[in-house]
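Below is one structure, written out as structure tokens, with a few remarks after it.
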Amino acid sequence: MRTAVLLFVAGLCALNVTFSLKICAFNVQSFGESKANNKRVMGILLKILSRCDLSLIQEVRDSKGEAVQALVKALNRFDRSNSYSYLESERLGRKTYKEQNNMLKVKDYYQYPKEERRGSNETDVFSREPFTVRFHSPTTSVKDFVLIGQHTCPKTAMKEMDELYTVFKGISKTWKTDNVIILGDLNAGCSYVTIKGWRAVRMRNDPKFRWLIGDEQDTTVREKTHCAYDRIIVHGPEIISSIVPGSAQPFNFKDNFHLTEEQALEVSDHFPVEVDLKPNHRYLLRHEL
């Protein structure tokens, strides 16, 4: 049985509070016991994840949760300036295919535990329901925002992307906020999307949604592919104005860590995608005095 876990990872270094908040999304491709026990793979993962303050990690194949626990313990040993912890959802998916959502965070970012939602699947569109969590972040210029993590099924990617609009409307109405970030492996590129299909995706055609990772960008590790599968989409004037210009990019860990393609593929066949939120200077000044 194949399982996957979605995690939000949060960390804040006390010595670096003047920096912006980096939000990442990473399909780790079948992260489980085997990768957790591979020192080289884990070493690269720790370097990638410790760069981020909030990370959505997708496709963890571990129904027991032991690989996730090992990852968190390793992160806390690797990055002693932060304290990592996590939340988790039930395992989601149809029939034997299940994925789980886990959210890792630290005390500096306050999640509203009673406002945790698994999304809407009333139309039975999603193979795996979205997992959404609302955060309060006093260190950023936008104080409250919602993260919606989604890993679409390749065959129904366009239908699922369109249905995320319905999820957004429900979240916005319930929580009375339009500061939303939708992120993850949406399979939003190459053979999984069509020009005709894009016209039907409501988020794609609504100018209030900003697609920060463009169609021309490559979020895949293999040299023979060039696809923007992984995306970050934002909604809401407050959060849009809080984006650090030019910060939304795939992170090419293969080149940055001087890996061969074979070595990089041991970690994942996806690159993480990331974006930075501007800091709340007033808050930081008060707490530095």
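The values are calculated or read from the model by the stated rules, or taken from the named source; none is laboratory data. A quick note: this is a predicted structure, and the numbers were derived from the prediction, not measured. All Cβ positions, even for glycine, are placed from backbone atoms using ideal geometry, and neighbour counts span all protein chains on display.
Some observations on this one:
- Subset of region 3-41 that is more than 21 Å from the chain's Cα centre (by Cα) and of a type outside the set (D, E, K, R) - its residue that is modelled with the lowest pLDDT: LEU15
- Total residues in region 143-164 satisfying the condition of being under 18 Å from the mean Cα position of the chain (by Cα) and surrounded by fewer than 21 Cβ atoms within 10 Å (Cβ to Cβ): the figure is 3.
- When the criteria are applied in full, LEU259 fails the requirement of being surrounded by 14 or more Cβ atoms within 10 Å (Cβ to Cβ) and over 22 Å from PHE31 (Cβ atoms).
- Close pairs from region 210-221: first within 16 Å of CYS24 (Cα to Cα), partner charged (D, E, K, R), Cβ under 6 Å, at least 6 apart: ILE213/ARG231; THR219/ASP230
- Residue pairs whose Cβ atoms lie under 9 Å apart, sitting 6 or more positions apart in sequence or on different chains, and linking a residue in region 137-160 that is in contact (Cβ under 8 Å) with a residue 24 or more places away in the chain and closer than 21 Å to CYS24 by Cβ to a partner that is in a helix (DSSP H, G or I) and among the basic types (Lys, Arg), are THR152/LYS159.
- Answer residue from region 32-67, given it is of a type in the set (Gly, Ala, Ser) and part of a helix (DSSP H, G or I) and is surrounded by the most Cβ atoms within 10 Å (Cβ to Cβ) among those: ALA67
- Residue within region 155-172 that is hydroxyl-bearing (Ser, Thr, Tyr) and in a loop (DSSP other than H, G, I, E, B) present: no
- The residues listed here are VAL234, VAL267, VAL221, VAL275; of these, the one that is modelled with pLDDT of 95 or more and touching an Asp or Glu at 6+ places or on another chain (Cβ under 6 Å) is VAL221.
- Residues located in region 216-245, provided they are exposed (fewer than 14 other Cβ atoms within 10 Å of the Cβ) and either closer than 22 Å to LEU277 by Cβ or in contact with a strand residue (DSSP E or B) (Cβ under 8 Å, 6 or more places away or on another chain) (or both): HIS226, PRO237, SER241, PRO245
- Region 227-252: number of residues that are part of a strand (DSSP E or B) and touching a residue at least 40 places away in the same chain (Cβ under 8 Å): 6
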